[in-house]
Amino acid sequence: MATPNTLIDDSASMENKKGRIEQLREIGRRLALIGGLCDDNGYQMRAFTTDLSGVRREGGSKPVQDNCKNHNDFDSLFGNIRFTYPIPMGAQTKAKIHTPLFLDKIKANTFDKPVSVWYITDGEPCPEGEDVMFNTCADTYKKLRASAAY
């Protein structure tokens with residue numbers, strides 16, 4: 001089974017439109033349930049700009065963002081999100097998903113199972129080059145194809 005990963009939009013545009021925060025929370029809670037069923041380790045959750053790595057379960061040492069298993073885990077992460085501008089979607093995807101979950105594992109020869117990435121966004125990232133997201137994905141794909149993991 002693929003390791004599920006979620007990257008959620010913490011841009012101010014989510015906060016500025018009525019109902020989006022509650023919709024984001026509801027979708028995230030549902031994904032937490034699904035992610036917990038897909039992988040015994042749960043799923044990995046990141047926000048575009050908010051650093052969630054410091055959120056821990058009581059008495060736990062591993063960040064909740066690395067093994068979110070249920071709606072309580074999601075709620076503990078969601079409560080730490082700060083909605084802000086700007087959101088360079090392509091650059092943040094590379095920094096928070098592609099580099100640590102693909103490229104670093106390919107280099108270390110530890111890429112051992114498929115990765116599924118789920119985005120929750122309103123589709124209003126800040127202006128960055130139109131090709132940044134495409135190039136991020138294409139570059140990762142090329143490196144994956146050239147690796148022994150493929």
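Just so you know, all these numbers are worked out from the coordinates, no wet-lab data involved. Owing to the predicted nature of the structure, the values given are computational and were not obtained by experimental measurement. With ideal geometry, Cβ positions are generated from the backbone for all residues, glycine too; neighbour counts draw on all protein chains shown.
In a GNM of the chain with a 10 Å cut-off on Cα contacts, which of GLN23, GLN44, GLN92 has the highest mean-square fluctuation? Residue with maximal mean-square fluctuation among GLN23, GLN44, GLN92: GLN23. The Rg/Rh ratio for the chain, using Cα coordinates for both the radius of gyration and the Kirkwood hydrodynamic radius, is 0.97. Among the lysines of the chain, pairs that are 8 or more positions apart or on different chains and have alpha carbons within less than 15 Å of each other number 9.
Once Rg and the Kirkwood radius are both taken over the C-alpha atoms of region 1-43, their ratio Rg/Rh works out to 1.09. Charges were assigned to the Cβ only: +1 to each Lys and Arg, -1 to each Asp and Glu. The resulting dipole of the chain about its Cα centre is roughly 320 debye.
The sum of -39500 (n - 2.57) across all DSSP H runs of n ≥ 4, divided by the residue count of the chain, sets its helix-only mean residue ellipticity at 222 nm to -10500 deg cm²/dmol.
Between PRO127, PRO63, PRO86, the residue with the greatest mean-square fluctuation in the GNM of the chain (Cα pairs under 10 Å linked by springs) is PRO127.
Between region 32-62 and region 93-123, how far is it from one alpha carbon centroid to the other, in angstrom? If you average the Cα positions of each part, the centres end up 15 Å apart.
Within the chain, what is the longest stretch that has no GluC sites (Glu not before Pro) placed in a DSSP loop and near at most 16 other beta-carbon atoms within 10 Å? Please report the intermediate quantities before stating the final value.
Values: sites that count: GLU58, GLU128, GLU130.
Longest site-free region, per DSSP loop and neighbour criteria: 59-127.
If the chain linking LYS142 and ILE27 were pulled fully straight, counting 0.36 nm for each residue of separation and taking away their Cα-Cα distance, it would gain 38.2 nm. With point charges of +1 on the Cβ of Lys and Arg and -1 on the Cβ of Asp and Glu, referenced to the Cα centre of the chain, which listed residue (GLY59, ALA95, GLY28) lies farthest in the positive direction of the dipole? Highest projection toward the positive end goes to GLY59.
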